[in-house]
Amino acid sequence: MKVKVWGCRGSISCPGPKTVRYGGNTSCYELRADDGSLLIMDAGTGIRELGMALARQMPLKALMVFSHTHYDHVIGYPFFVPFFVPGNRVDLYGPVHYERSFKSVMTEQLDYSFFPVRMDELRADLHFHDLREESFESPPFKVQTLYANHPITCLAYRVEADGKIFIFTGDTEPYINHLDGDANADEDEVEEVREVIAEQTQRWLAFLKGADLCIHDAQYTPEEYPRFKGWGHTAMDVAIDNCARAGVKSLLLTHHNPTRSDDDLDALTPRWREYASAKGYSLAVAFAEEGREYAV
Ligand SMILES: [Zn+2]
Ligand SMILES: [Zn+2]
């Protein structure tokens, strides 16, 4: 398998001279199996360029999986050219939240108040599938999902094909005990939450286990993180620690903060490589770069 990054920016697109190298487009990744089978992850603004590249390869058959439906992960969806062309078939998978189907959420995005094109004007053969924590197969891909920790239902994806394991975490934050340090909290309750967190963390590590390549949310530096606790994103050091603990071979840090310039990311790269090596991790660490292709 190989994966190409079409957008790795978090929260909002931010084109401009300071984001030329790592890119300003939001979340979108193209995963290709060795036989050419296509699995697209997320439809942030990066999907527009992917759609134009794929327009040369139609008729298209593809899977499209969504971590969640926050704008930065779906806003490019109606700009994906293959959706407008009959003969293309795309199976779209995304999380159910508050018992609302994935299709109903995506259809609402195409309401006239937000966008001039309606869902029934998309001429491709589109099949929507609701996902919870589960597994499904679409050869050669075997896909498994796990709930990430985010302010809305968000799925992490573990994809196996060609004897390799690829992980896309979507947006996620480590589980934290909000009662820690609260002098009024009941000690039993604090302990109970602590146990749940330990269990959830173990499930997360088991999900990441042995991946050849993991694309992991790492929006914040550890210095920034305390100000954004509870916003649903991970600090860079924690993403590295978790991937190392889970025996991941290669890590691409993603969901770059919109304020982070190319120079900032360049400057942070040696910091995290030194951090990983000082801890004795055999984990390759890099910041995801838009337009770049990586072997899984
Ligand atoms: Zn996001
Ligand atoms: Zn989000």
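The values are calculated or read from the model by the stated rules, or taken from the named source; none is laboratory data. The shown structure was predicted, so the numbers you read here are calculated from the model rather than taken from an experiment. Please note: Cβ atoms are built from the backbone with ideal geometry, for glycine as well, and neighbour counts cover all protein chains shown. We work out accessible area using only protein heavy atoms, side chains counted, and drop any ligands, DNA or RNA first. Shrake-Rupley method; radii C 1.70, N 1.55, O 1.52, S 1.80 Å.
Among the residues making up region 161-176, those that are closer than 16 Å to TYR29 by Cα and crowded, with 24+ Cβ neighbours inside 10 Å are PHE166, ILE167, PHE168, THR169, GLY170, ASP171.
Only one of GLY16, GLY23 is open to solvent by 20 Å² or more (accessible area, probe 1.4 Å) and on the phi > 0 side of the Ramachandran plot. Can you tell me which? Walk me through how you get there before you give the answer.
Numbers: GLY23 fails: open to solvent by 20 Å² or more (accessible area, probe 1.4 Å).
None of the other options fit; the residue is GLY16.
Answer yes or no as to whether HIS73 is within 14 Å of CYS28 (Cβ to Cβ), touching a Cys at 6+ places or on another chain (Cβ under 6 Å), surrounded by 13 or more Cβ atoms within 10 Å (Cβ to Cβ) and not β-branched (Val, Ile, Thr).
Working: within 14 Å of CYS28 (Cβ to Cβ): yes; touching a Cys at 6+ places or on another chain (Cβ under 6 Å): no; surrounded by 13 or more Cβ atoms within 10 Å (Cβ to Cβ): yes; not β-branched (Val, Ile, Thr): yes.
No, not satisfied.
Sub-6 Å Cβ pairs linking a first residue in region 28-53 that is within 20 Å of ASP72 (Cβ to Cβ) to a second residue that is open to solvent by less than 10 Å² (accessible area, probe 1.4 Å) and of a type in the set (D, E, K, R), at least 6 apart or interchain, are CYS28/ASP42, ordered by first then second residue.
Considering only region 271-296, state which residues are open to solvent by less than 60 Å² (accessible area, probe 1.4 Å) and over 22 Å from ALA211 (Cβ atoms). The one that is open to solvent by less than 60 Å² (accessible area, probe 1.4 Å) and over 22 Å from ALA211 (Cβ atoms): GLY291.
Do we have any residue at all in region 98-107 that's in contact with a Ser or Thr (Cβ under 6 Å, 6 or more places away or on another chain), within 16 Å of ligand 2 (Cβ to nearest atom) and open to solvent by less than 20 Å² (accessible area, probe 1.4 Å)? No, region 98-107 contains no residue that is in contact with a Ser or Thr (Cβ under 6 Å, 6 or more places away or on another chain), within 16 Å of ligand 2 (Cβ to nearest atom) and open to solvent by less than 20 Å² (accessible area, probe 1.4 Å).
Within region 125-154, if we keep just the residues that are in contact with a Leu (Cβ under 8 Å, 6 or more places away or on another chain) and part of a loop (DSSP other than H, G, I, E, B), the residue that is nearest to ligand 2 (Cβ to nearest atom) turns out to be ALA148. When residues in region 126-174 are screened for being of a type in the set (A, V, I, L, M) and either more than 28 Å from PRO59 (Cα to Cα) or within 16 Å of ligand 1 (Cβ to nearest atom) (or both), 5 of them pass.
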